[in-house]
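Novice: Here you go, one structure.
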Amino acid sequence: AAIEKGGFDHFMLKEIFEQPKTIFDSLRGRLDLDKSSVTLSGIEAIEDKIKQARRIIIVACGTSWHAGLMAEYVIEELCRINVEVEYASEFRYRNPIITKEDVIIAISQSGETADTLVALENAKEQGATIFGLVNVVGSSIARISHAGAYTHAGPEIGVASTKAYTAQLAVLQLIALKIAKIKGTISDERFNTLLLDLAEVPEKVDFILNNQVENIQRIASKYSGAQDALFLGRGFNFPTALEGALKLKEISYIHAEGYPAAEMKHGPIALVDENLPVIFVATKDSYHDKIISNMQEIKARKGKVIAIVSEGDEIASSLADDFIVVPNCNEVIAPLLAVIPLQLLSYYIGIERGVDVDKPRNLAKSVTVE
Ligand code: G6P
């Protein structure tokens, strides 16, 4: 078993450290800097459907749903098409309005999640076009899709998803860029900038893994006794906050909630006291000053602020009790970097609390029953 884990104590840690490679694999053969192009045969196969579509519906569960939520922000921004993100379990039962013009993107690591599979079968019967973004080759969802793309993250053993999530994010970025090209909604300049930034993600993830682990271990032991935690983010990183909270819940059993940073004024702020760690995903973006004022609001109520900050951001790091630095990048791509410290923080807090992080209680790797 030690050999299978490649020298790491757990599959989860091994999979976190594999991410520079798995993200690279998910981009390989698709992102071409020399030709400044994105090749995705699955999207090309349904190009006409995408041109006609008035909306894209994303269907998923769990961590894959968070990847879908990030895709909503990115696709709407770059492709100017309406995107709805649906929990498969809700979508399948509420008699959704589906037409032949609808394009559905299904996201699933296992390709076997029962709710997602049945939701797709129903939508397919009603004439929708199904695009599957799946990790497990030949899985049920891959087979019922009209077209698709594999995430190429390799087998994921840890129950809490890590490398499959970042591979989903990477391919969803490519999908957004490809659709934007098809629809002519992106300038060459922006396309090329994003392509270059995306290509740099693997080495930037590597930088985080090489430079922040001791810092994160220290922060994990400082806060491992917490009863609750709040994760806040805005815009492209709002889904990152949700994913950070889910990860912590799954493998530390600490109650955690993710919220849009400004929305915390409408409820969660009532929980803030000197014992509550509030984790801000505060990487640089076009409305960075907004999240800075949200941090000040938490500090004013004596909450403990842990911030994920961009390199060189003195303002955010000086406001925080503890901070974790990630390299600078385009705000559209930031979710790929910002989630890495959150995965590590959850892992080390889970370890401090003695949780079997690879197999947390009550959870299953793939949920093949309702
Ligand atoms: C389970 C797993 C999660 C996963 C979710 C959806 O809850 O524990 O890690 O995100 O199912 O699974 P899928 O295979 O469809 O992505």
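Rule-based calculations on the coordinates, nothing more; no lab input. Remember, predicted model here, so these are calculated numbers, not experimental data. Here the Cβ is made from the backbone with ideal geometry for all residues, glycine too, and neighbour counts use every protein chain on show.
Novice: Once a ≥ b ≥ c are taken as the square roots of the eigenvalues of the Cα gyration tensor of segment 110-169, is the result rounded (a/c under 1.5), prolate (a/b larger than b/c) or oblate (a/b not larger than b/c)? All intermediate terms of the calculation are to be shown ahead of the outcome.
Specialist: Numbers: a/c = 2.44, a/b = 1.90, b/c = 1.28.
In terms of gyration-tensor shape, prolate.
Novice: Moving on to the next point. Segment 1-72: which GluC sites (Glu not before Pro) are DSSP loop and have at most 12 other beta-carbon atoms within 10 angstrom? If you can, show how the numbers build up before the last one.
Specialist: Details: sites: 4, 15, 18, 44, 47, 72; in loops: 4, 18.
Taking segment 1-72 and a limit of 12 other Cβ atoms within 10 Å, the loop GluC sites (Glu not before Pro) found are 4.
Novice: At a Förster radius of 30 Å, what calculated FRET efficiency corresponds to the Cβ-Cβ distance of residue 296 and residue 222, to the nearest 0.05? Walk me through the numbers on the way to the answer.
Specialist: On the way: r = 22 Å, r/R0 = 0.72.
So, using R0 = 30 Å, E works out to roughly 0.90.
Novice: With n ≥ 4 as the cut-off for DSSP H runs, can you work out [θ] at 222 nm for the chain, using -39500 (n - 2.57) per run divided by the number of residues, rounded to the nearest 500? Mind dumping the intermediate values first?
Specialist: On the way: 16 runs with 176 residues, N = 370.
Per the formula, -14500 deg cm²/dmol.
Novice: In nanometres, what is the gap between the two model label sites at residue 143 and residue 352, each 7 Å from Cα along Cα-to-Cβ?
Specialist: It works out to 4.6 nm between the two label points.
Novice: Along the Cα→Cβ direction, 7 angstrom out, place labels at residue 48 and residue 94. What is the inter-label distance in nm?
Specialist: Taking the simple label geometry, residue 48 and residue 94 are separated by 3.3 nm.
Novice: Just for the chain, what percent of DSSP beta bridges are antiparallel, to the closest 5? The partial results should precede the final answer.
Specialist: Working: 2 of 41 bridges.
Roughly 5 percent of the beta bridges in the chain run antiparallel, per DSSP.
Novice: Out of residues 5 or more away from residue 367 or on other chains, whose amide H comes under 5 Å of its own, with H placed 1.01 Å from N in the peptide plane?
Specialist: HN-HN under 5 Å from residue 367: 114.
Novice: What does the C-alpha gyration tensor say about the overall shape of segment 313-370? Classify as rounded when a/c is under 1.5, otherwise prolate if a/b is larger than b/c, or oblate.
Specialist: Values: a/c = 3.80, a/b = 1.71, b/c = 2.22.
Taking the square roots of the gyration eigenvalues as a ≥ b ≥ c, segment 313-370 is oblate.
Novice: While we're here: Nearest 20 debye, what's the magnitude of the dipole of the chain about its Cα centre given +1 on Lys and Arg Cβ and -1 on Asp and Glu Cβ? Provide the component values of the computation, followed by the final result.
Specialist: On the way: 38 positive and 50 negative charges, 88 e Å.
For the chain, the charge dipole is close to 420 debye.
Novice: Let me ask you something else. If R₀ is 41 angstrom, what is the calculated FRET efficiency for the pair residue 188 and residue 364, using the beta carbon separation as r and rounding to 0.05?
Specialist: Working: r = 45 Å, r/R0 = 1.11.
That pair, residue 188 with residue 364, gives E of 0.35.
Novice: Another one. For the chain, set up a Gaussian network in which alpha carbons nearer than 10 Å are linked by springs, and say which option among 76, 125, 86 fluctuates the most.
Specialist: Comparing 76, 125, 86 in the GNM, the peak value goes to 125.
Novice: Continuing with this model, one more query. Averaged over all directions, how much area does the convex hull of the C-alpha atoms of segment 183-284 cover when projected, in nm²?
Specialist: Numbers: hull surface 35.8 nm².
For segment 183-284, averaging the hull's shadow over all directions gives 8.9 nm².
Novice: Viscosity 1.567 mPa s, temperature 4 °C: what is the translational diffusion coefficient of segment 255-334 from Stokes-Einstein with a Kirkwood Rh over Cα pairs, rounded to a whole number of µm²/s?
Specialist: Details: Rh = 12.8 Å.
Once the numbers are plugged in, D ends up at 101 µm²/s.
Novice: Turning to a different aspect of this structure: Under a 5 Å amide H to amide H cut-off, with H placed in plane at 1.01 Å, what residues pair with residue 57 once short-range neighbours are removed?
Specialist: Placed amide hydrogens put 84, 103, 104, 105 under 5 Å from residue 57.
Novice: If I model segment 80-207 as equal point scatterers sitting on the Cα atoms and use the Debye formula, what is log10 I(q)/I(0) at q = 0.10, 0.17, 0.19, 0.22 Å⁻¹?
Specialist: Reported log10 I(q)/I(0), two decimals: -0.37, -0.98, -1.15, -1.32.
Novice: Moving to a separate point now. Between residue 87 and residue 210, what length in nm is gained on full extension when 0.36 nm per residue of separation is reduced by their alpha carbon distance? Display every interim value, and only then the final one.
Specialist: Working: separation 123, 0.36 × 123 = 44.28 nm, distance 3.55 nm.
Gain on stretching residue 87 to residue 210: 40.7 nm.
Novice: Next up: Roughly how many Å is it from the Cα centre of segment 96-144 to that of segment 293-370, as a whole number?
Specialist: Using only Cα atoms to place each centre, the spacing works out to 31 Å.
Novice: Which ³J(HN,Hα) values in Hz, rounded to whole numbers, follow from the phi angles of segment 169-180 under the Karplus curve 6.51 cos²θ - 1.76 cosθ + 1.60, where θ = phi - 60° and Gly and Pro get x?
Specialist: My calculation for segment 169-180 gives 4, 4, 5, 5, 5, 5, 4, 4, 5, 5, 5, 4 Hz in order.
Novice: For segment 1-59 and segment 167-205, what is the separation of their Cα centres, given in Å?
Specialist: 12
Novice: Which of 213, 332, 281 ends up with the largest GNM mean-square fluctuation for the chain, with Cα atoms connected below 10 Å?
Specialist: Of the options given, 213 has the highest mean-square fluctuation.
Novice: A further question on this structure: Could I have the simple spin-label model distance between residue 266 and residue 36, label points 7 Å from Cα toward Cβ, reported in nm to one decimal?
Specialist: 4.1
Novice: What are the ³J(HN,Hα) values, in whole Hz, obtained from phi via the Karplus relation 6.51 cos²θ - 1.76 cosθ + 1.60 with θ = phi - 60°, for each residue of segment 249-256 in sequence order, with x given for Gly and Pro?
Specialist: 3J(HN,Hα) across segment 249-256, in whole Hz: 4, 4, 10, 10, 6, 7, 5, 9.
Novice: Quick query: amide H of residue 152 versus all other amide H atoms, modeled in the peptide plane; which residues come in under 5 Å with a sequence gap of 5 or more or a different chain?
Specialist: Hits under the 5 Å cutoff: none.
Novice: Report the Cα-based extents of segment 14-101 along its three principal axes, largest first, to the nearest Å.
Specialist: Reported extents, whole Å, longest axis first: 43, 35, 22.
Novice: Please report Rg (one decimal) and Dmax (integer) in Å for the Cα set of the chain.
Specialist: Just the Cα atoms of the chain yield Rg and Dmax of 19.8, 55 Å.
Novice: Per residue of segment 61-67, what does 6.51 cos²θ - 1.76 cosθ + 1.60 with θ = phi - 60° give for ³J(HN,Hα)? Whole Hz please, x for Gly and Pro, Karplus curve as stated.
Specialist: Along segment 61-67, the couplings run 9, x, 4, 4, 5, 5, 4 Hz.
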